[in-house]
1. Which ³J(HN,Hα) values, rounded to whole Hz and listed in residue order, are derived for the stretch 66-79 from phi using the Karplus coefficients 6.51, -1.76 and 1.60 in 6.51 cos²θ - 1.76 cosθ + 1.60 with θ = phi - 60°, glycine and proline given as x?
2. Going by how many other Cβ atoms sit within 10 Å of their own, how do Thr99, Thr156 line up, fewest first?
3. Could you tell me whether the stretch 98-213 comes out rounded, prolate or oblate from its Cα gyration tensor? Rule is a ≥ b ≥ c as square roots of the eigenvalues, rounded for a/c under 1.5, then prolate if a/b exceeds b/c, otherwise oblate.
4. Going through the cross-link list Lys102/Lys191; Lys102/Lys239; Lys181/Lys239, which pairs have a Cα-Cα distance over 20 Å in this structure?
5. Would you list His250, His126 from fewest to most Cβ contacts within 10 Å?
6. For a quick check: with amide H placed at 1.01 Å from N, whose amide H comes under 5 Å from Leu152's, ignoring anything fewer than 5 positions away on the same chain?
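Rule-based calculations on the coordinates, nothing more; no lab input. Bear in mind the structure is a predicted one, so any value in this text is a computation, not a measurement. Neighbour counts are summed over all protein chains in view; Cβ atoms, including those assigned to glycine, are modelled from backbone coordinates with ideal geometry.
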Amino acid sequence: MSFVLFVVKFLSRFTNPLPKLGLGFSRKRAGLHNRWFESVAERIGDRLCPLTVIGGLRKVRSVIVGLDIDGVVADFLAPFLLLLEKRLGNGPISEESITDFKFKDHPLISEEVVHDCMQTVSYDPHFWQNLSSMISPSDWQNLENLSRRRQLVFVTHRYVRETYDIHGITCDWLKSHGISKPVVHFTNELKAELVQNLGVHLFMDDRHENCQDVAENTEAVVLMPRRPYNESFSHPRVKKIRDFSELFAHLS
Ligand SMILES: [Mg+2]
């Protein structure tokens, strides 16, 4: 809360009609009164923000985090490998055997089959609805805290199809894990341009191509969660991390 917001909220206590008028004023109306004061305070605070020390500190604190979804918070690979197993009929395929996300040089999987299965899941809303989470409830709570402060955006490569609403499905999935008002952007390009336009300061993606692109074309700090398919990649501006505690350490 900014200093201005604090002062105006404090003053509003003395002008709140509820205590003065007692039964003559409803709780609902008093709530509207307080919300009006808060919205005025926010607007004043925003205008003064660049001009004050407190405003400057607030700006420094307002780091925008940009997160990829699949392979970062949602487990795409496990159900995708199940689909590949069904299609190929050669038995289980371990996640550790996937050392390249394009499945190049895999002993069992051809790029054509991968392309076919990608097309299949891109038209299947149930596939995206049923993905498992890759992070803990406390990680989700920390992300929700960022999201409430408008410091969190999701940036995904998921395909947009005309047959169903992938944006709605993705937002519902994020809401089911505790992000009350998710902000999700879709692109089929490399992500640097979008990340730059969104003003992202801290970016995380499991695909090394995206990490490299953002690291070389924006000022954002780039984090990459360790996965079997990105293990061999290294870049001086891409930091590999084990879990989300390292993301939140950057914000504290
Ligand atoms: Mg990903």
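1. x, 10, 5, 9, 6, x, 10, 10, 10, 7, 7, 5, 4, x
2. Neighbour counts put them in this order, fewest first: Thr99, Thr156.
3. prolate
4. Lys102/Lys239; Lys181/Lys239
5. His126, His250
6. Result for Leu152 returns Val65.
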